[in-house]
Every structure is written in structure tokens, then in C-alpha cells.
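Reading through the C-alpha cells given below for one structure.
The values are calculated or read from the model by the stated rules, or taken from the named source; none is laboratory data. Quick caveat, the model's predicted, so the values are computed rather than measured. Positions of Cβ are backbone-derived with ideal geometry, glycine not excepted, and every protein chain shown enters the neighbour counts.
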Amino acid sequence: MRQGRLRVLAPVLGGFTMIAGISVGLVLSSSPSRATPMRTDADGKAPTVGALFIRTDSGQLTVHFCTGSVVDSRAGDLVITAAHCLIGRTPSQVAFVPGYTHGMRPYGVWVATKIIEDPQWTPDDDFAFLVVHQPGSNVSLQTLTGGEKLGIGARPTRSVRVAGYPDDLDGPISCENKAKDFSPTQFEFDCGGFTNGTSGSPLLADDPDGTRETVIGVIGGYEQGGLTDSVSYAAKFSTRMAALYQTAEAAGT
């Protein structure tokens, strides 16, 4: 289990639609892998991945507890994470810090204004969106970091990169391996080092044009992401995710 308990926070509205396709990436060996520290400026790309922090009533950040990442949206203000990360939290208690490492906040602190998740979510719908803003600024988050494409209906055995923030580290880790079928509704990703705090970490597949990545799942789902640090799970994005994304888009604009 990568993070906490179960609770419903927000309703789902809107219809069902397909958001994006998934590209075929390099298939890596399924031999055991282990995550390594990640440079947040790797490959010259602005980091879409960041840490979720607990925010106090006075606006101070305390500890980071889960992982999120920026997804493409019209308003440029959506962050995806696991629904179970947000149990018992109100939007104002959550802040997103993209590219966070060793106390540095290169793209600032972004406070959640809304939590969008399925009110009936199960392990097969363990994903959620945060609508975020930066107090005192009119610049969108996506303008600074870029945004991941959202992939619906991805097939297994895609090469993915997974990046996240373990609770006991002050910076992100990253690992590449295959996203395998665990069940008809869940992916499995095998790589050591994904301990508590990595819930919500995106499974990122290469986009054909090479300009950005496609998120096909986030660590969560079965066993709230896994009971060991070497085997992680992620709910597959289905038509329910498509509906949730439409709701989040509407909330953001």
C-alpha cells in the first residue's frame, strides 16, 4: 500500500469519449529493475512530474505524501494523481510542486482548488484530477511545465518510464520497464524502489512526435499500488477516465 485509506470527495459528470491513442515504444527486458534518482531536467524536458505536499491553513508546506503530474488541458491547470492519495483531504490542504528536488521549487507551488474523482471509485478507478492555481499569478501551470497527453485504452507490454517521490527521499526516482497486463483492468509494473509516496506516479509512454509523453496509468488501483516496493499496479484508463477528464476540463475552465 503506497498511501492511506478510502473516501469519496467529488462527483463525476459528463459523457464518455476517447482522449488519445498510445504509441508503441521500445520493449525492455522483464528482468528485475530498480529505480534510480532522476534528474528533473533530463533530456532538456520541463518536468511534468512533481510532489504532492500537505498544506497547512496558514499556507505552509509540511511533508510530501504522493506524486502527481501535469496533463494537457485547455486551461493548463490539471494534475493527475491516484484517488486514494486524496482521502480525507480538502483541496486547500494539497499543494503540487513540479520538479521538486532537495528543497528547490523551480516552477513554484500550485495550490489545489478542486478535487475531481468518481464518487463511486473502486481500485479500477483509482485516479483523480486536481485543478490548481498559483496565488498571485495568472500564468497557467502547463505554460511552464508542458503537459502529458492522456492515453485511453493502452495495450500491455509498452515501454514506460515511471517517476515518483518516495516519502523517505527528498527528490524523485525513475525507472523504465514494460507495463504488463495484471488483469483486464490493471497494469503491473516491476521495478524496485517504489515505496510509500509513489502513489500517483505516472506511467509514461513515448509519444510518436517525441515532444511529450503519454500517461497511460498512475500507480494505484490493486492493493492501492502494491504491497512491496518492487511490484506496482495501475488502473487502466477506460471510458470512465474519459468521462472524468471531461469533468476536470470543465472544472478547470
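Quick check, is residue 22 more than 16 Å from the chain's Cα centre (by Cα), modelled with pLDDT of 95 or more, closer than 27 Å to residue 175 by Cα and β-branched (Val, Ile, Thr)?
On the way: more than 16 Å from the chain's Cα centre (by Cα): yes; modelled with pLDDT of 95 or more: no; closer than 27 Å to residue 175 by Cα: yes; β-branched (Val, Ile, Thr): yes.
Against the criterion (more than 16 Å from the chain's Cα centre (by Cα), modelled with pLDDT of 95 or more, closer than 27 Å to residue 175 by Cα and β-branched (Val, Ile, Thr)), residue 22 does not qualify.
I'm checking my understanding of the structure. Among residues of segment 143-162 that are over 18 Å from residue 244 (Cβ atoms) and not hydroxyl-bearing (Ser, Thr, Tyr), which one is surrounded by the fewest Cβ atoms within 10 Å (Cβ to Cβ)? Filtering segment 143-162 for residues that are over 18 Å from residue 244 (Cβ atoms) and not hydroxyl-bearing (Ser, Thr, Tyr), the one surrounded by the fewest Cβ atoms within 10 Å (Cβ to Cβ) comes out as 155. Outside any loop (DSSP other than H, G, I, E, B), of a type in the set (Val, Ile, Thr), in contact with a helix residue (DSSP H, G or I) (Cβ under 7 Å, 6 or more places away or on another chain) and touching a residue at least 12 places away in the same chain (Cβ under 8 Å), is that true of residue 80? When the stated conditions are applied, residue 80 does not pass them. Hey, can you tell me all the residues within segment 151-179 that are among the small types (Gly, Ala, Ser) and at positive phi? The answer is 153, and nothing else.
Residues in segment 77-116 that are out of contact with any strand residue (DSSP E or B) (no Cβ under 8 Å at 6 or more places or on another chain), of a type in the set (Gly, Ala, Ser) and more than 18 Å from residue 127 (Cα to Cα): 1 in all.
Residues in segment 179-196 that are surrounded by fewer than 24 Cβ atoms within 10 Å (Cβ to Cβ) and either outside any strand (DSSP E or B) or in contact (Cβ under 8 Å) with a residue 40 or more places away in the chain (or both): 180, 182, 184, 185, 186, 188, 190, 191, 192, 193, 195, 196. When the residues of segment 84-114 are narrowed to those that are within 14 Å of the chain's Cα centre (by Cα) and not in a strand (DSSP E or B), which ends up farthest from residue 186 (Cα to Cα)? In this case the residue turns out to be 99.
Within segment 201-211, identify whether any single residue is within 20 Å of residue 48 (Cα to Cα) and in contact with a Phe, Trp or Tyr (Cβ under 8 Å, 6 or more places away or on another chain), and answer yes or no. Taking every residue of segment 201-211 in turn, at least one turns out to be within 20 Å of residue 48 (Cα to Cα) and in contact with a Phe, Trp or Tyr (Cβ under 8 Å, 6 or more places away or on another chain). Scan segment 115-131 for residues that are crowded, with 17+ Cβ neighbours inside 10 Å and more than 12 Å from the chain's Cα centre (by Cα) and the total you get is 9.
Which residues, counting only those in segment 202-229, are of a type in the set (Gly, Ala, Ser), in a loop (DSSP other than H, G, I, E, B) and either closer than 16 Å to residue 116 by Cα or touching a Ser or Thr at 6+ places or on another chain (Cβ under 9 Å) (or both)? Reasoning before the result, please.
Pass one, segment 202-229, residues of a type in the set (Gly, Ala, Ser): 205, 210, 217, 220-221, 225-226.
Narrowing the set further to residues that are in a loop (DSSP other than H, G, I, E, B) leaves 210, 220-221, 226.
Selection gives 220, 221, 226.
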